[in-house]
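The values are calculated or read from the model by the stated rules, or taken from the named source; none is laboratory data. A quick note: this is a predicted structure, and the numbers were derived from the prediction, not measured. Cβ: placed from backbone, ideal geometry, glycine included. Neighbour counts: every protein chain shown.
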Amino acid sequence: MTTGRDSSTRPARTRFGWLRAASDRVPTRWFAGIATALFLAATAAFGGLATAATPDITALEPGDEHRNDQVAMTIDRAVLIDEFEDAGVYVEEGERVLALLVSVENTWDEPLSATPDSSVTQSLTVDGLGDPPDSVARYDDATINPVLQPGVPAQIVLAWAVEADAFDDAQELKLTFNDMTLHTGSFVANGQWWTDPVAAATVSIAVEDIGAGG
Amino acid sequence: MRRWATWAIGGALIVAAWGVALITPPEDAFERPFPVTVGVGERGEGRNIAITVHEVRRAEAASAGEWTAEGNWVIIDLDAEAVISEFGTLLSLATLEVDGRTYAASERPDSLRRGSLSVGIPRSGSLAFELPDDVDPADAVLTLGLDSDPRLDSLIVVPIDLSEIDVESDAELQPSEWSTR
């Protein structure tokens, strides 16, 4: 019966009538337009739909320093040598050692451990050598896996055992410096570490074949 | 309800919410370390580590045995012992904080760094910290602990004023041995 339905809906209508009146004032038919305008404004604010500029990869001269918030690195020398046990690398038959002498300075405010698989070695990649170095050592006192103290410069040797004929004397070695991002652990992880290497600069250096040593 | 009562209750609730936000411990509070702060020459005892820093030296070159290196060195002479257990008790955490930077005890010389500690018989030796040449340190904080992860264990914390210490030309680290003090 119509009268019964009226009596049941009328109290609800009076109770929430003000809500209905308020929502009727909201210009809902403009929402699509407002949303579109906001989207376009936000897009324009972030540089429009143009392709985002990729970070430039700087080409450095040999001996130039690459510096970021984590480390400063300069490649001093690249040598090919028969064996280099002081640097912590041991060769098998038919192998020689490719060693990079690198001046590094920790530019962060915490110590950085320079192990073969550390953020320090990930900051440097060598074309033709996909793997991390077999060993990292200090050049002055042959400390293996040295710790880089903040602001204290050090010369370290990154050494790879390579096939004896993989590199030649005077061959240009192309190196890439990578910038890393400082990650702060949360939830189940704790602490801060450098991760996510992105190529930032390149440098070429000629390999010196120094035979048995020198 | 009267209008003034509504406002009073509303205000009281806002103040209460502010108070709750103020006294809520930070997120990492449940895993903080337990620092024991002592001065140079005092014995600091934590859960399973007891440290006495006897002397702080500064030098332009540090040596230990045949090893020697120039630099801006801070050398800490100390006694260290375990308190309740010798199982896996190494002096794994040894840092010096200066001007917002944290330096780890140098692994280059032989020292008490990662030295094994015994209960009741202190080990005596040194720790060496290498600072940049251009840093003229003043206030420093030495932190020592058993785990490189400092959370939820005792830390011995020793504030040091490095500006009062004369810089020697050469300083030799003490050999790590049983303490005779």
Residue within region B:126-133 that is away from every other protein chain (no Cβ under 14 Å), within 24 Å of A:SER113 (Cα to Cα) and touching a Pro at 6+ places or on another chain (Cβ under 9 Å) present: yes
Residue within region A:128-138 that is out of contact with any Phe, Trp or Tyr (no Cβ under 8 Å at 6 or more places or on another chain), closer than 30 Å to B:GLU97 by Cβ and either free of Cβ contacts under 8 Å to residues at least 40 places away in the same chain or part of a loop (DSSP other than H, G, I, E, B) (or both) present: yes
Whichever residue in region A:134-156 is crowded, with 18+ Cβ neighbours inside 10 Å and within 17 Å of A:ALA78 (Cα to Cα) and, among such residues, is nearest to the other protein chains (Cβ to nearest Cβ): A:ARG138
Scan of region B:113-137 for residues that are more than 14 Å from the chain's Cα centre (by Cα), under 22 Å from B:ALA61 (Cβ atoms) and part of a loop (DSSP other than H, G, I, E, B), ordered by number: B:PRO132, B:ASP133, B:ASP134, B:VAL135, B:ASP136, B:PRO137
Single residue of A:GLU105, A:GLU110 found to be surrounded by 15 or more Cβ atoms within 10 Å (Cβ to Cβ), in a strand (DSSP E or B) and within 11 Å of chain B (Cβ to nearest Cβ): A:GLU105
Single residue of region B:166-181 satisfying the filter (outside any strand (DSSP E or B) and surrounded by 15 or more Cβ atoms within 10 Å (Cβ to Cβ)) that is farthest from the other protein chains (Cβ to nearest Cβ): B:SER179
Flag if A:GLY128 is at positive phi, more than 11 Å from every other protein chain (Cβ to nearest Cβ) and either under 21 Å from the mean Cα position of the chain (by Cα) or buried (at least 16 other Cβ atoms within 10 Å of the Cβ) (or both): yes
Residue within region A:44-54 that is polar (S, T, N, Q) and either closer than 30 Å to A:VAL152 by Cβ or at pLDDT 90 or above (or both) present: no
Residue, nearest to the other protein chains (Cβ to nearest Cβ), within region B:74-118, restricted to residues that are surrounded by 15 or more Cβ atoms within 10 Å (Cβ to Cβ) and among the β-branched types (Val, Ile, Thr): B:THR102
One residue from B:ALA80, B:ALA104 being in contact (Cβ under 8 Å) with a residue 60 or more places away in the chain and not β-branched (Val, Ile, Thr): B:ALA80
